[in-house]
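Trainee: What follows is a structure written as structure tokens; I'll ask about it next.
The values are calculated or read from the model by the stated rules, or taken from the named source; none is laboratory data. Only a predicted model underlies this, so the values are computations on that prediction, with no experimental measurement involved. Virtual Cβ from ideal backbone geometry, glycine too; neighbours counted across all protein chains shown.
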Amino acid sequence: MGEGEHARLIAWSRELRGVHERLRDALAVTRQAVAAGEPAEPATRDLLLFCHGFCAALTAHHEGEDRLLFPAIAERHPGLRDTLRALKQDHSMIAYLLGGLQAAVDRAAPPAELDRHLEGVAAIMESHFRFEERQLLTVLETLALDAAPRSVLGPL
């Protein structure tokens with residue numbers, strides 16, 4: 001295996017870590033936007049954009065994993081199927097929480113309520129990312145997957 005090919009294989013583990021960091025950053029910016037709002041003031045245009053952007057990015061990340069990454073891992077590493085199933089369950093739970101957040105944003109919920117939604121998303125998201133990284137980074141260092149990182153891990 002040539003150096004360039006080896007670098008491409010390892011890139012999947014770096015890509016996953018990088019996307020997780022960017023999603024963490026997007027969540028932090030969204031939470032800062034909520035904290036900056038006045039309690040009686042409806043959600044601002046910026047907050048709507050931050051929440052929508054964060055929700056869309058996290059959803060695209062999980063959909064790409066479910067559609068492309070996880071099947072490729074399951075094919076090459078059948079022993080990880082239970083782990084992948086647990087990660088997909090996390091994706092469903094996070095999607096549910098994001099739906100609640102989006103509904104709260106759409107009805108201009110007060111900042112304290114929005115922050116409670118974001119806190120719930122943050123807790124599950126962080127737990128999920130850490131578990132995913134512990135379970136999959138070593139596998140991703142040797143995964144040969146012929147796909148664009150953006151289509152597999154989302155647009156971030």
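Trainee: Does Gly120 count as at pLDDT below 90, among the small types (Gly, Ala, Ser) and either touching a helix residue (DSSP H, G or I) at 6+ places or on another chain (Cβ under 6 Å) or farther than 24 Å from Ala28 by Cβ (or both)?
Mentor: In short, no.
Trainee: A follow-up question, please. Where residues in the stretch 123-155 are of a type in the set (Gly, Ala, Ser) and in a helix (DSSP H, G or I), which of them is modelled with the lowest pLDDT?
Mentor: Of the stretch 123-155, the ones of a type in the set (Gly, Ala, Ser) are 123, 127, 144, 147-148, 151, 154.
Those still in the list that are in a helix (DSSP H, G or I) too: 123, 127, 151.
Values: Ala123: 96, Ser127: 96, Ser151: 80.
Among residues in the stretch 123-155 that are of a type in the set (Gly, Ala, Ser) and in a helix (DSSP H, G or I), the one modelled with the lowest pLDDT is Ser151.
Trainee: Go through the residues of the stretch 99-120 one by one and say whether even a single one is closer than 21 Å to Val19 by Cβ and touching an Asp or Glu at 6+ places or on another chain (Cβ under 6 Å).
Mentor: no
Trainee: So Ala108 fits all but one of (1) of a type in the set (A, V, I, L, M, F, W, C); (2) surrounded by fewer than 17 Cβ atoms within 10 Å (Cβ to Cβ); (3) part of a helix (DSSP H, G or I); what number is the exception?
Mentor: All conditions pass for Ala108, except number (3).
Trainee: Could you list, in sequence order, the residues of the stretch 78-115 that are more than 18 Å from the chain's Cα centre (by Cα) and at pLDDT 95 or above?
Mentor: Those that are more than 18 Å from the chain's Cα centre (by Cα) and at pLDDT 95 or above: Pro78, Gly79, Leu80, Arg81, Asp82.
Trainee: Inspect the stretch 79-86 for any residue being without any contact (Cβ under 8 Å) to a residue 24 or more places away in the chain and within 17 Å of Ala28 (Cβ to Cβ) and give the result as yes or no.
Mentor: No, that holds for no residue.
Trainee: Taking the condition over 13 Å from the mean Cα position of the chain (by Cα), under 26 Å from Ala11 (Cα atoms) and of a type in the set (Val, Ile, Thr), does Thr142 pass?
Mentor: yes
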